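First comes the structure, then the notes that go with it.
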Amino acid sequence: MMPLSFETVIGLEVHVQLATESKLFCSCPTAYIGSEPNTNVCPACLGLPGSLPSLNRRALELGVKAALALNCSINCMTKFHRKNYFYPDLPKAFQVSQYDVPLAVSGSMPIFLEGKVKNINITRLHLEEDAGKLIHETADGRLSGAAFSLVDYNRAGVPLAEIVSEPELSSPEEAREYVLMIRRLVRYLEVSDGDMESGSLRVDANISQKCSDGRWGSRVEIKNVNSLRAMERALEYETIRQRGLLLKGEEIVQETRHWDDNSGVTRSSRGKEEAHDYRYFPEPDLPQIAVERTLVENVRESLPEPPWKKREKFAREWRLSPADSASLSENLDVAVFLENVAASGADRQMAANWVKTDILRVLNETGLAVGDLQVGPEGLASLLAHVEKGSLSNTAAKDVLDIMLKKGIAVDDAMKEAGVKAGGVSRESLLGVVAKVLGENAAETALLFSGEDTSGKKRKFLQGLIMREIRGQAAPEDVSAMIDRVLDEMKG
Ligand SMILES: [Zn+2]
């Protein structure tokens, strides 16, 4: 008998907190971290009788932005529903969310894994309000064993975009790449800070197993994964648990399970999610929302190139290595900086090397953003022009860049300050270095001497060696002239 084999099927719901100043349906501030509990609240977000919600237009715009970047179709008429459930973090006893007519549907996004690109379809993107926060008075902050719990409604009503994928992810690693790409995207778009630690990006995962004998195990929803690592571990654990049950011929219960990060297991939850009748009905206090064509077109025009396009461009057009294409497209500002260095005349590969090693190092060390650097893309390009034509050695150029970064001065001034200047070596010592280098590289020199170096490659090679010796302290034309002089003397 053939041994059974399995296929893992994963779908993700990613909740992204939208970077608005105020909540989704009222004007309370969204800043809930660091605020005194229950201070950023009003009758609307507390659901007091007589209060009415009104939609935050900025949240709608940010939702449209994320949806368009994910290649979704925007519904020109969209509406909100009440999702009813009773839990103390929900002051109104319902959450205003979207149901049958979400803001956007049918998108897609590529992920990259082990040199392959896989397209993941997006089912829908909808807007909803966040719930409040419960604080359980136990050492580990968990509900079980708590003598009492406190509630903070500062977060209640904060706008979220929920992005639902099709169940097309086949492994915990793919799920991880998918979440990373969503995070990169929302940061590119400035739709959210995408920070998982602070809860601005939260993930619920659905996972099931398809068995080679035709059985397809029920879907299990995993909640309480608060980091990428936790999500991967939870999915790995569930894969093993579900396959084990199927191998024993047992059924998999369709349920919600909570990830326990300390014990490294998922546990069946008998909480609010068990009672799955949310009794959705249209929110009577909000009209249907018309998403105007002009808004959609304005947002579309403001979209930056998405991270996956930048990455593919760096890999295919620029021919950078996969690792460089990935790291240089991680952050939009860095990618655009690099593009501008190249647009200012620098060689692409050379610009990529310098941005990757020198610029990213400074950013990591100082915690600055690219825009805060004292050197702009044109400044770096003008430095690289010196390196490219040989008037600065790599080593000397690094010293010059350090000065430029520290003092915010132009390349010529920084060269003076570093004591490197074109023609800074005396003719006598230059002559000595040229004679020495030509002598040490007899084969190349012979080709120059006989005029066989028609491409000029050998000359460039020798010139590079000389430049390195003199730390770039001479103009390339002077070095070239000195090479001719030495060759002439050899002829004479
Ligand atoms: Zn409010």
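The values are calculated or read from the model by the stated rules, or taken from the named source; none is laboratory data. Just so it is clear, the model here is predicted, and its values are computed rather than measured. Every residue, glycine among them, receives a Cβ derived from its backbone with ideal geometry; neighbour counts consider all protein chains shown.
Residue check: is Y178 more than 17 Å from the chain's Cα centre (by Cα), farther than 24 Å from N262 by Cβ and among the aromatic types (F, W, Y)?
The answer is no for Y178.
Select the strands (runs of 3 or more DSSP E) contained entirely in region 77-193, then report the ones holding at least 1 residues which are surrounded by 17 or more Cβ atoms within 10 Å (Cβ to Cβ) and of a type in the set (A, V, I, L, M, F, W, C).
94-97, 104-113, 116-129, 159-165
Give just the number: which of (1) out of contact with any strand residue (DSSP E or B) (no Cβ under 6 Å at 6 or more places or on another chain); (2) charged (D, E, K, R); (3) more than 16 Å from the ligand (Cβ to nearest atom); (4) over 24 Å from E166 (Cβ atoms) does R82 not satisfy?
Just one mismatch for R82, condition (1).
Can you give me the number of residues within region 200-256 that are under 22 Å from I182 (Cβ atoms) and either in contact with a Phe, Trp or Tyr (Cβ under 6 Å, 6 or more places away or on another chain) or among the hydrophobic types (A, V, I, L, M, F, W, C) (or both)?
13
Keeping to region 8-42, report how many residues are within 9 Å of the ligand (Cβ to nearest atom), in a loop (DSSP other than H, G, I, E, B) and among the hydroxyl-bearing types (S, T, Y).
Total satisfying the criteria: 1.
Condition check: in contact with a Ser or Thr (Cβ under 6 Å, 6 or more places away or on another chain) and at pLDDT 85 or above. Does R468 satisfy that?
In short, yes.
Which numbered condition trips up A397, out of (1) surrounded by 21 or more Cβ atoms within 10 Å (Cβ to Cβ); (2) free of Cβ contacts under 8 Å to residues at least 12 places away in the same chain; (3) of a type in the set (G, A, S)?
All conditions pass for A397, except number (2).
Is it the case that some residue within region 62-79 is within 16 Å of the ligand (Cβ to nearest atom) and either of a type outside the set (D, E) or over 22 Å from F281 (Cα atoms) (or both)?
no
Please work out which one of (1) farther than 24 Å from L383 by Cβ; (2) touching a helix residue (DSSP H, G or I) at 6+ places or on another chain (Cβ under 8 Å) is the condition V479 fails and give its number.
Against the list (1) farther than 24 Å from L383 by Cβ; (2) touching a helix residue (DSSP H, G or I) at 6+ places or on another chain (Cβ under 8 Å), V479 comes up short only on (1).
Return the residues of region 49-59 that are touching a residue at least 12 places away in the same chain (Cβ under 8 Å), part of a loop (DSSP other than H, G, I, E, B) and more than 12 Å from the ligand (Cβ to nearest atom); say none if nothing qualifies.
Listed by number, the list holds a single entry, L55.
Just to be sure, is E250 assigned by TED's automatic domain parsing to the domain that holds Q209 and in contact (Cβ under 8 Å) with a residue 24 or more places away in the chain?
No; evaluated as a whole, the condition is false for this residue.
Go through (1) surrounded by 20 or more Cβ atoms within 10 Å (Cβ to Cβ); (2) more than 43 Å from the chain's Cα centre (by Cα); (3) not in a helix (DSSP H, G or I) and name the single condition S455 misses.
Going through the list (1) surrounded by 20 or more Cβ atoms within 10 Å (Cβ to Cβ); (2) more than 43 Å from the chain's Cα centre (by Cα); (3) not in a helix (DSSP H, G or I), S455 breaks only (1).
Just checking, does region 287-308 include any residue being assigned to a helix (DSSP H, G or I) and under 15 Å from the mean Cα position of the chain (by Cα)?
Yes, there is a match, as at least one residue in region 287-308 is assigned to a helix (DSSP H, G or I) and under 15 Å from the mean Cα position of the chain (by Cα).
Return yes or no: is T357 without any contact (Cβ under 8 Å) to a residue 24 or more places away in the chain, outside the structural domain of F461 (by TED's automatic domain parsing) and among the β-branched types (V, I, T)?
Yes; evaluated as a whole, the condition is true for this residue.
Taking L46, is it in contact (Cβ under 8 Å) with a residue 40 or more places away in the chain and more than 13 Å from the ligand (Cβ to nearest atom)?
No.
Can you tell me how many residues within region 22-70 are exposed (fewer than 14 other Cβ atoms within 10 Å of the Cβ) and under 25 Å from P306 (Cβ atoms)?
Looking only at that region, the number is 1.
Does region 94-108 contain at least one residue that is at pLDDT 95 or above, in contact with an Asp or Glu (Cβ under 6 Å, 6 or more places away or on another chain) and within 13 Å of the ligand (Cβ to nearest atom)?
Scanning region 94-108 turns up at least one residue that is at pLDDT 95 or above, in contact with an Asp or Glu (Cβ under 6 Å, 6 or more places away or on another chain) and within 13 Å of the ligand (Cβ to nearest atom).
Looking for something without any contact (Cβ under 8 Å) to a residue 12 or more places away in the chain and of a type in the set (K, R) - is there at least one such residue anywhere in region 190-205?
No: zero hits.
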